[in-house]
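Structure, as structure tokens:
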Amino acid sequence: MCVMRVVVATDRIGDLDSAGVGSALAAGWQRTAPWAELAVVPMGESARGFGGAAAALLGVEAMLLAAEGGAVVAADRATLVISVEQQVDHRAWVPLGSSVELGRMVAEQIREHRPRHLVIDVGGVAAQDGGAGFLHGLGARADAPLDEGVTGLRGITDVDLSPVHHLLAEVDDITVIVPDAEAEIPLLGLRGTTSLRGSAARQEPGSVLENQDMLDADAALEAFAAAVDPEAAGRPGAGACGVAFALLALGADVGGGPRWCGDRAGIERTLAHADVVLTGTDLFDFASRGGGVVQHMAHLSEVALRPCIAAAGAVVIGAREMRSMGIESAYAVDELAGERQPMVGADDLVELGARIARTWDR
């Protein structure tokens with residue numbers, strides 16, 4: 001008998017995190033084909049399940065800091081992961097929005113855990129201050145308010161980062177996790193975060209935002225960048241989520257949640273020994289293309305020359321479009337749901353896993 005080896009790496013579905021989804025699908029698959037070998041790899045996108053997936057990969061319990069708006073903390077002996085998981089419009093105009101609470105939370109967790117590797121998911125932060133508030137929360141001082149949003153940065157000329165460097169003295173590396181759509185956004189200029197947010201805001205009904213407001217905000221960010229690290233301001237992703245610049249100025253690398261999870265799990269080595277890859281998401285439609293986890297797994301599967309299939313609460317995408325993005329086929333919990341996302345529990349996913357196995361593991 002040929003033993004099929006399956007890698008299960010999905011997004012969260014319904015109220016289940018990635019590890020829970022993967023375990024349920026794997027249990028269903030083995031109910032149909034008990035001889036199959038399955039490897040569950042937790043995956044998560046920025047601001048949407050990344051913290052839980054990271055905790056599973058670190059082998060620790062995720063801690064929810066409810067007071068911080070849905071922040072998830074996971075830490076082992078060497079790595080500290082902090083993920084702000086709330087829905088945020090990264091094109092919203094929020095000139096008074098500050099990232100200071102993130103900075104304070106990170107400072108507190110660094111003092112508690114003393115990590116060598118620091119991973120910060122900023123996808124759920126509502127600010128466009130370039131991370132000025134974040135630096136203030138870590139202890140930075142300046143000749144202008146750092147915790148009053150981009151508006152407070154007007155006229156800034158000096159930022160003292162020595163307290164920040166002291167706090168981070170034992171940290172070897174920093175990774176900032178952002179949504180894929182934000183990963184290349186610059187800090188300044190016509191394609192920068194201020195321009196993108198301003199253009200989106202001006203199209204809103206009743207908007208009173210003027211060109212001068214956008215110019216003033218961009219000028220304030222430029223002055224802040226000049227006082228902190230002009231070179232970091234030019235790096236791709238410096239404008240990500242309105243706050244990433246400060247982390248890049250501290251030496252951080254920008255990355256995506258699925259890629260970090262995959263690298264942590266050594267998923268490329270696992271795929272080399274797999275026969276099929278099973279990924280998944282809540283709603284598999286053409287607009288979202290399944291989301292970042294599905295897209296990342298489709299790409300890795302293509303590179304590894306392995307077929308990739310998808311499980312979802314609902315599937316609203318044609319076979320041709322699906323295959324164009326590297327998904328062989330997709331299976332829905334509710335075949336008649338349309339664009340309505342059905343309620344999905346663990347039992348539903350066990351049944352779905354068993355049904356998929358009847359097609360693929362015969």
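The values are calculated or read from the model by the stated rules, or taken from the named source; none is laboratory data. The structure presented is a predicted model; accordingly, all values stated were derived computationally and were not measured. Cβ coordinates were reconstructed from backbone atoms using ideal geometry, including for glycine residues, and neighbour counts include every protein chain displayed.
Observations on the structure shown:
- Condition met for Ala24 (in contact (Cβ under 8 Å) with a residue 12 or more places away in the chain and outside the structural domain of Val350 (by TED's automatic domain parsing)): no
- Ala219 under 29 Å from Gly257 (Cα atoms), surrounded by fewer than 20 Cβ atoms within 10 Å (Cβ to Cβ) and in contact (Cβ under 8 Å) with a residue 40 or more places away in the chain: no
- Count of segment 94-132 residues which are assigned to a helix (DSSP H, G or I), free of Cβ contacts under 8 Å to residues at least 60 places away in the same chain and either buried (at least 20 other Cβ atoms within 10 Å of the Cβ) or under 21 Å from the mean Cα position of the chain (by Cα) (or both): 7
- Where Val60 falls short, out of the listed (1) on the phi < 0 side of the Ramachandran plot; (2) touching a residue at least 24 places away in the same chain (Cβ under 8 Å); (3) not basic (Lys, Arg): (2)
- Condition met for Arg91 (more than 16 Å from the chain's Cα centre (by Cα) and either closer than 18 Å to Gly149 by Cβ or not assigned by TED's automatic domain parsing to the domain that holds Val208 (or both)): yes
- Hits in segment 145-172 (condition: without any contact (Cβ under 8 Å) to a residue 60 or more places away in the chain, among the small types (Gly, Ala, Ser) and surrounded by fewer than 21 Cβ atoms within 10 Å (Cβ to Cβ)): Ser162, Ala169
- Annotation note: Cβ proximity below 9 Å between a residue of segment 268-280 that is farther than 25 Å from Gly14 by Cβ and a residue that is part of a helix (DSSP H, G or I) and of a type in the set (Phe, Trp, Tyr) (sequence gap 6+ or interchain) occurs for Asp275/Trp360.
- Within the set Gly28, Gly52, Gly44, the sole residue that is among the small types (Gly, Ala, Ser) and touching a Leu at 6+ places or on another chain (Cβ under 9 Å) turns out to be Gly28.
- For beta carbons closer than 7 Å, sequence separation of 6+ or different chains, a first residue in segment 249-262 that is under 14 Å from Glu231 (Cα atoms) and a second that is in a loop (DSSP other than H, G, I, E, B) and hydrophobic (A, V, I, L, M, F, W, C), the qualifying pairs are Leu250/Leu168.
- The residue that is nearest to Ala332 (Cα to Cα), among those in segment 342-360 that are among the aliphatic types (A, V, I, L, M) and assigned to a helix (DSSP H, G or I), is Leu352.
- Hits in segment 191-245 (condition: in contact with a strand residue (DSSP E or B) (Cβ under 9 Å, 6 or more places away or on another chain) and of a type in the set (Gly, Ala, Ser)): Ala227, Gly237, Ala238, Ala240, Ala244
- Annotation note: of Arg12, Arg77, Arg31, the sole residue that is of a type in the set (D, E, K, R), over 30 Å from Asp218 (Cβ atoms) and buried (at least 24 other Cβ atoms within 10 Å of the Cβ) is Arg12.
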